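Heads up: the structure comes next, in structure tokens.
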Ligand SMILES: Cc1cc2nc3c(=O)[nH]c(=O)nc-3n(C[C@H](O)[C@H](O)[C@H](O)COP(=O)(O)OP(=O)(O)OC[C@H]3O[C@@H](n4cnc5c(N)ncnc54)[C@H](O)[C@@H]3O)c2cc1C
């Protein structure tokens, strides 16, 4: 994620982070475009376990009450109104009450479905991804992140984590992964001849690997708010439709939801008429606008098996003026 996040959470600097200052993107037929930052921003690569612990501890330090090992599974309803959530712990069923409930339980949210704001994810709405942390000698420039767009709607990535370790993965729409098989896709990616020749030149030790779904089509506008309910982060699709990044975006949605919730608490009005201010919060509005243009760009890039992206990057390789324009399309904020 971008180092801009340090403005929200400077404590991240204390984690063992890898910093990368540029990105190299490849089209399906291996034309490439490389960006090296000249400002003082960079991308921060974190270990998610450390990062999530840090964010949780910051929340607790600021006054949040932590109920560990509770899995929410339903709402507590009284006189037709949601007044809290039911959770399961290893020992018992518990209930917690609140005037406003903010759903932040990610892709697997049970409560989003119980709320009626959205149904279960359909294949057309998700990307499935497999990633791994690997270790071994390589020829990666560890100041760069690598993105390999595929001819199908998907991409593979390699993010160096220092000199010998790297995070490697690939993702594609679930409908495609069902036909091709995600493990096979991942195997093809790490054994790709170009990648082996240029970057991953030896055998690698897998430190960790996992497979996950991601929202594919941007913010779910109908899943943002209801009476005494707000949805943030992955629950409501705050994930870039091109890159799959959602950490920064989720934090902005959380901040917007918190501001709207504080206002509702002050007014003592938790109805959807008050909470709809979340949808129109400047940060959410901006993300909705940006995601819509990213969706259009994504469709354009992947048209005819990635033909447009191939042509763009090929032209950028040969035409310095066009290269600047292309850099602006991919890397402008
Ligand atoms: C393979 C992969 C790579 C990614 N890479 C990037 C990247 O490089 N950069 C980036 O910005 N984003 C990336 N993302 C996306 C990013 O991880 C998410 O968008 C972001 O974590 C969303 O935050 P969230 O808080 O909404 O959800 P999550 O981070 O998923 O947090 C949800 C939390 O809710 C908890 N939870 C789930 N169910 C329940 C329940 N029933 N009861 C109680 N708690 C529950 C979970 O344990 C978890 O702690 C990636 C995603 C994947 C899958």
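Some points to look at:
- Taking other C-beta atoms within 10 angstrom as a stand-in for reagent exposure, 121, 157, 208 fall in the order 208, 121, 157, fewest first.
- Residue order, fewest to most surrounding Cβ atoms within 10 angstrom, among 185, 1: 1, 185
- For the chain, the longest principal axis of the Cα atoms and the long axis of helix 282-318 meet at an angle of about 20 degrees.
- Cα long-axis angle, helix 48-61 against the chain (0 to 90 degrees, to the nearest 10): 30 degrees
- Compared with the dominant Cα axis of the chain, that is its longest principal axis, helix 247-267 is turned about 20°.
- For the chain, the fraction of C-alpha pairs more than 34 angstrom apart is 29%.
- Between residue 151 and residue 73, the modelled label-to-label distance comes to 4.7 nm, taking each label 7 Å out from Cα in the direction of the beta carbon.
- Spin-label proximity, residue 194 to the range 28-48 - amide N less than 19 Å from point 7 Å beyond Cα toward beta carbon: 28-36
- Contact order for the chain, expressed relative to its length and based on alpha carbon pairs under 8 Å spaced 6+ residues apart, stands at 18 percent.
- Spin-label pair residue 295/residue 7, simplified geometry with 7 Å Cα→Cβ offset, distance in nm: 2.7 nm
- Exposure proxy ranking for 168, 126, 113, based on other Cβ atoms within 10 angstrom of each Cβ and starting from the fewest, stands as 113, 126, 168.
Laboratory data are not the source of any read-out in this text; all were calculated from the coordinates shown. It should be emphasised that the depicted structure is a prediction, and the values quoted were computed from it without experimental measurement. Here Cβ is always computed from backbone atoms with ideal geometry, including for glycine, and neighbour counts include all displayed protein chains.
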